[in-house]
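The structure appears right after this line, and notes come after that.
Coordinate-derived values only; no laboratory data. A quick note: this is a predicted structure, and the numbers were derived from the prediction, not measured. All Cβ positions, glycine included, derive from the backbone under ideal geometry; neighbour counts span all protein chains shown.
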Amino acid sequence: MARRLVAIGNPAAGGDDDETRQAVLRTLESEADIVAPATATPEDVGRVLAGYADRDPVVMGGDGTLHTVLEALLARGELADRPVGLIPMGTGNDLARFLGVPLDLGKAALTVLHGTERPLDLLVDDEGGIVMNAVHVGVGALASEQAAPLKPVLRRAAYAVGALLAGARSRGWQLRVRADGVVVASGRRRVLMVGVGNGATIGGGTPLAPDACPDDGLADVIVSFAVSPWARLAYGLRLRRGEHPERGDVVTMRAGRVVIEGEPVPANADGELLPASPVWSWTVRPSAWRLIAPDE
């Protein structure tokens, strides 16, 4: 029996254009029963999922679009029941890179048709928001804010430029960080950045949590105290190479729940900038959703 699918796209995604989209749909149509309704806003995603409840969603977009679909599935109580395919048509595509989903869109479509459903963990906050790949607060979120207006021109390089600008301007935040109840930062020292990774990279390839495992029930937690001007620069350079855990002013651990409290600090969840808040918290839900991934 042909797989029943519904394509959910983002017209603003970095790799999306009508010709490319139609080529992918033709590949999927060759072996699956697929529909592709228009989705212009995040609200449309919930409407499409409800209207085609008997079909598995195929995300045609980047991490932000996948995030929106998973959040809608969670809200509908269908996250565990509807496996998700991914055609990585975004700018960064961090989760696709991490999980080995082909960046070649034709090969990604074949993965949707012939891949294996892989259970993956999910981070959920106390308000019901989700993180499928990684979230970070502090200087990294400022970097995303700086990079946003540069993305149409610089694409993936915008993240690096944004990081340099944010690193030059930030003095850190006084934050208390607890991981599974263990105090990682007491609030007496200023914190430059806190990262919580279910996936390994952010910003199109920066290895925030290089040793992350997406299906072991734990998130990687990275806390950087590198707040002096030279330390910020050195941390940024080591972060780009995935060597920051080796620094003496960086603490790493693994946990199932992370709580951050203190000065209002912005966050970036799966590439989406969130406004500053005095409290952030996330809990890992093991094997909460399934991605149609390449056979291992």
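Using a 7 Å offset from the Cα along the Cα-to-Cβ direction at both ARG76 and ASP18, what is the distance between the two label points in nm, to one decimal?
Computed distance between label sites ARG76 and ASP18 equals 2.7 nm.
For Cα pairs less than 8 Å apart in space and 6+ apart in sequence, what is the mean separation divided by the residue count of the chain, i.e. the relative contact order in percent?
Averaging sequence separation for qualifying contacts and normalising by length gives 21 percent for the chain.
So what are the ³J(HN,Hα) numbers for the range 36-46, from phi and the Karplus equation (6.51, -1.76, 1.60; θ = phi - 60°), rounded to whole Hz, Gly and Pro as x?
9, x, 6, 9, 9, 9, x, 5, 5, 4, x
By the gyration tensor of its Cα atoms, with a ≥ b ≥ c the square roots of the eigenvalues, what is the shape of the range 240-296: rounded for a/c under 1.5, prolate for a/b over b/c, or oblate?
In terms of gyration-tensor shape, oblate.
Is the range 3-114 best put as rounded, prolate or oblate by its Cα gyration tensor, with a ≥ b ≥ c the root eigenvalues, rounded for a/c under 1.5, and otherwise prolate when a/b is larger than b/c, oblate when not?
Judged from the Cα gyration tensor, the range 3-114 comes out rounded (a/c under 1.5).
Based on the Cα coordinates of the chain, what is the per residue volume of their convex hull in Å³?
Values: hull volume 34.5 nm³, N = 296.
Hull volume over Cα atoms, normalised by residue count, gives 117 Å³.
Non-local amide H neighbours of ARG118 (under 5 Å, H modeled in plane, Pro and chain starts lacking H): which ones?
Under 5 Å from the amide H of ARG118: LEU291, ILE292, ALA293.
Once you've got the GNM for the chain with C-alpha springs shorter than 10 Å, pick whichever of ASP63, ASP215, ASP54 has the biggest mean-square fluctuation.
Per the Cα network of the chain with a 10 Å cutoff, ASP54 tops the list.
Between ASP211 and GLU127, how high is the FRET efficiency from 1/(1 + (r/R0)^6) when r is the Cβ-Cβ distance and R₀ = 25 Å? Nearest 0.05.
The value I calculate is 0.30.
Residues of the range 59-79 with the amide nitrogen closer than 17 Å to a label point 7 Å from the Cα of ARG4, along Cα-to-Cβ, please.
In the range 59-79, the label zone of ARG4 (backbone N under 17 Å from the point 7 Å along Cα→Cβ) covers 78-79.
Measure off 7 Å from each Cα along the Cα-to-Cβ vector at ARG257 and ALA234, then give the distance between these two points in nanometres to one decimal.
For ARG257 paired with ALA234, the spin-label model returns 3.6 nm.
Under a GNM of the chain (C-alpha, springs under 10 Å), which listed residue has the highest mean-square fluctuation: VAL227, VAL183, VAL265?
VAL183
Less than 12 Å Cβ to Cβ from SER287, Lys/Arg counted +1 and Asp/Glu -1: what total charge do the surrounding residues give? Mind showing how you got there, number by number?
Values: positive: ARG118, ARG285, ARG290; negative: GLU117, ASP121, ASP215, ASP216.
My count for the surroundings of SER287 gives -1.
Report ³J(HN,Hα) in whole Hz for each residue of the range 214-220, in order, from the Karplus equation J = 6.51 cos²θ - 1.76 cosθ + 1.60 where θ = phi - 60°; Gly and Pro get x.
Karplus-based 3J(HN,Hα) across the range 214-220 equals x, 9, 10, x, 9, 10, 7 Hz.
Would you please give the FRET efficiency between LEU103 and ARG188, computed as 1/(1 + (r/R0)^6) with r the Cβ-Cβ distance and R0 = 51 Å, to the nearest 0.05?
The value I calculate is 0.70.
Farthest toward the dipole's positive end in the chain, which of VAL35, VAL182, ALA226, given Cβ charges of +1 (Lys, Arg) and -1 (Asp, Glu) about the Cα centre?
Sorting the options by dipole projection puts first ALA226.
Taking amide H atoms as placed 1.01 Å from N in the peptide plane, list the residues 5 or more away in sequence, or in a different chain, whose amide H sits under 5 Å from that of LEU175.
For LEU175, the qualifying residues are GLY187, VAL191.
Which of these, GLU19, GLU31, GLU71, has the largest mean-square fluctuation under a Gaussian network model of the chain (Cα springs below 10 Å)?
Evaluated over the chain, the most mobile residue of the options is GLU19.
Can you give the net charge of the other residues whose Cβ lies under 13 Å from the Cβ of GLY128, counting K and R as +1 and D and E as -1?
In short, -2.
Using only the Cα atoms of the range 161-282, build the gyration tensor, take square roots of its eigenvalues as a ≥ b ≥ c, and label the shape rounded, prolate or oblate: rounded if a/c is under 1.5, else prolate if a/b is larger than b/c, else oblate.
Judged from the Cα gyration tensor, the range 161-282 comes out rounded (a/c under 1.5).
In the calculated pair distance distribution of the range 179-229, what percentage of Cα-Cα distances lie above 11 Å? Walk me through the intermediate numbers first.
On the way: 915 of 1275 pairs.
For the range 179-229, the share of Cα pairs beyond 11 Å comes to 72 percent.
Just to confirm a number: summing +1 for Lys and Arg and -1 for Asp and Glu over residues other than VAL84 whose beta-carbon lies under 10 angstrom from that of VAL84, what do you get? Let's see the in-between values first.
Values: positive: ARG82, ARG290; negative: ASP56, GLU117.
Combined, the nearby Lys, Arg, Asp and Glu give 0.
Add -39500 (n - 2.57) for each DSSP H run of 4 or more in the chain, then divide by its residues: what number comes out at 222 nm, to the nearest 500 deg cm²/dmol?
-9000 deg cm²/dmol
Which ³J(HN,Hα) values, rounded to whole Hz and listed in residue order, are derived for the range 269-277 from phi using the Karplus coefficients 6.51, -1.76 and 1.60 in 6.51 cos²θ - 1.76 cosθ + 1.60 with θ = phi - 60°, glycine and proline given as x?
Once θ is set to phi - 60°, the couplings for the range 269-277 become 10, 6, x, 9, 6, 10, x, 4, 9 Hz.
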